Amino acid sequence: MPTFLPIVNERDEVIGAKAKEVCGPDDITRVSGLFLYTPKHEVLIAKRVMTKQHDPGKWSYGVAGTVEEGETYLSNILKEAEEEIGLVLKSEDVREVYHGYFETSHKFFYTQYAAETDLPITAFRRQIDEVDELRFVPAEELWRWIEERPEDFVHSMPRVSALLWQGLGW
């Protein structure tokens with residue numbers, strides 16, 4: 001059974017739905033992401049598997065997902081956190097840090113959530129068909145890495161990082 005995605009307009013209002021497989025470059029979809037960090041300001045990053053349609057083999061924040069029909073940005077990120085890294089969160093565990101429009105290899109509205117954890121990396125269970133590797137990186141080191149080698153990351157990572165750091169007051 002195909003997965004359907006809500007298609008939205010320039011104001012992030014749902015105007016229809018399409019099967020994920022037939023969404024084109026002019027279709028605007030919705031994506032959610034989770035910025036997971038420790039009290040020591042270490043950030044969880046995930047390397048995408050090479051079979052991903054967008055940005056294969058690139059690093060991103062620990063969890064991300066395309067919002068499916070019937071989901072909200074929040075319900076999607078809670079689902080994705082459990083599926084991709086085995087982390088069960090409730091809505092009160094996360095806070096919205098940013099919402100905006102992106103145009104990379106595709107068009108999408110993006111909502112970034114943040115949550116703090118004191119769990120060690122060994123506590124996470126990666127979803128093999130989505131995530132190739134998980135790693136905690138000190139925030140300052142991650143920022144330098146993004147500035148020096150942006151090609152290692154998903155296209156939206158430099159912009160999202162700047163907005164996150166600003167939103168979190170880092």
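The values are calculated or read from the model by the stated rules, or taken from the named source; none is laboratory data. These figures come from a predicted structure and were not determined experimentally. Here the Cβ positions follow ideal geometry from the backbone for every residue, glycine too, while neighbour counts run over all protein chains shown.
For region 17-44, enumerate the residues that are of a type in the set (Asp, Glu) and either loosely packed, with under 15 Cβ neighbours inside 10 Å or farther than 15 Å from residue 107 by Cα (or both).
Initially, region 17-44 is screened for residues of a type in the set (Asp, Glu), giving 21, 26-27, 42.
21, 26, 42 - these are the residues of region 17-44 that are of a type in the set (Asp, Glu) and either loosely packed, with under 15 Cβ neighbours inside 10 Å or farther than 15 Å from residue 107 by Cα (or both).
How about region 99-119: which of its residues are under 30 Å from residue 12 (Cβ atoms), surrounded by 13 or more Cβ atoms within 10 Å (Cβ to Cβ) and not hydroxyl-bearing (Ser, Thr, Tyr)?
Within region 99-119, 99, 100, 102, 106, 107, 108, 109, 112, 114, 115, 116 meet the criteria.
Looking only at region 24-41, count how many residues are more than 17 Å from the chain's Cα centre (by Cα) and in contact (Cβ under 8 Å) with a residue 40 or more places away in the chain.
Of the residues in region 24-41, 7 are more than 17 Å from the chain's Cα centre (by Cα) and in contact (Cβ under 8 Å) with a residue 40 or more places away in the chain.
In region 68-170, which helices (runs of 4 or more DSSP H) lie fully inside it and hold 1 or more residues that are among the polar types (S, T, N, Q)?
73-85, 157-168
Right, residue 105: out of contact with any Gly (no Cβ under 9 Å at 6 or more places or on another chain), of a type in the set (S, T, N, Q) and modelled with pLDDT of 95 or more or not?
Numbers: out of contact with any Gly (no Cβ under 9 Å at 6 or more places or on another chain): yes; of a type in the set (S, T, N, Q): yes; modelled with pLDDT of 95 or more: no.
Considered against the rule, which asks whether it is out of contact with any Gly (no Cβ under 9 Å at 6 or more places or on another chain), of a type in the set (S, T, N, Q) and modelled with pLDDT of 95 or more, residue 105 comes out as no.
Filtering region 56-87 down to residues that are among the aromatic types (Phe, Trp, Tyr) and in contact with a helix residue (DSSP H, G or I) (Cβ under 8 Å, 6 or more places away or on another chain), which residue is surrounded by the most Cβ atoms within 10 Å (Cβ to Cβ)?
Only one residue tops the list, namely 61.
Go through the residues of region 150-159 one by one and say whether even a single one is among the aliphatic types (A, V, I, L, M) and within 25 Å of residue 28 (Cβ to Cβ).
Within region 150-159, one or more residues are among the aliphatic types (A, V, I, L, M) and within 25 Å of residue 28 (Cβ to Cβ).
State whether one or more residues within region 132-146 are within 13 Å of the chain's Cα centre (by Cα), over 18 Å from residue 55 (Cβ atoms), free of Cβ contacts under 8 Å to residues at least 40 places away in the same chain and crowded, with 17+ Cβ neighbours inside 10 Å.
no
Yes or no: residue 122 surrounded by fewer than 15 Cβ atoms within 10 Å (Cβ to Cβ), over 21 Å from residue 51 (Cα atoms) and either basic (Lys, Arg) or modelled with pLDDT of 90 or more (or both)?
Numbers: surrounded by fewer than 15 Cβ atoms within 10 Å (Cβ to Cβ): yes; over 21 Å from residue 51 (Cα atoms): yes; either basic (Lys, Arg) or modelled with pLDDT of 90 or more (or both): yes.
Answer is yes for this residue.
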